[in-house]
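Inspection log for the structure reproduced underneath, given as structure tokens.
Taken together, the values in this text are just the output of simple stated rules run on the coordinates, not laboratory data. From a predicted model like this one, the values you see are computed outputs, not experimental measurements. All Cβ positions, glycine included, derive from the backbone under ideal geometry; neighbour counts span all protein chains shown.
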């Protein structure tokens, strides 16, 4: 697998609960609630971005669930900026969480067995096709855009006016990843990736109600197969 996981001994923790739901953004939502939807992590944390040319950069990082791009806090003025060369990223480490980039999306690595990864993809998408602006999306004229700023007291200044009463689909879906490709979790794919444990897969699925899209539902099965 291309440049896969630099530190195999890293501890992967998962605090996500699987779900897919339609959410209406309103002016009554707190900034904490908005951030929990807009970013993969509740806070910007120290991390490293690894590029295809084997270089890396560090900073206070997060991943935007709308744009699926890396955001960072500027050390000079506190603005939240979008990484200009995001298309050259292949892996990100934020805190104790590892993310790998597949096409344009960032998949969080939850568990791994040999070259098989159990990942979760979190996305916030518009239900309709209306354009949006308050989440720091990249504009057509620049490769870096401002999402918000921090004032001197440490409080965030944020403008939500362009997204009031707009509907989004918030989803977290589990995937199997191998050799840089993401696969939906199905009985067929499980048997394909764990051919020597087909009987165990059949038995487990008969005895347990597993929703393949939900990470919390499929993770025990994956751990059993990885033993």
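Side notes on the structure shown:
- Ranked packing of 195-206, 53-64, most packed first, by mean Cβ within 10 Å: 53-64, 195-206
- Here the calculated FRET efficiency for residue 45 and residue 224, from their Cβ-Cβ distance with R0 = 41 Å, stands at 0.85, rounded to the nearest 0.05.
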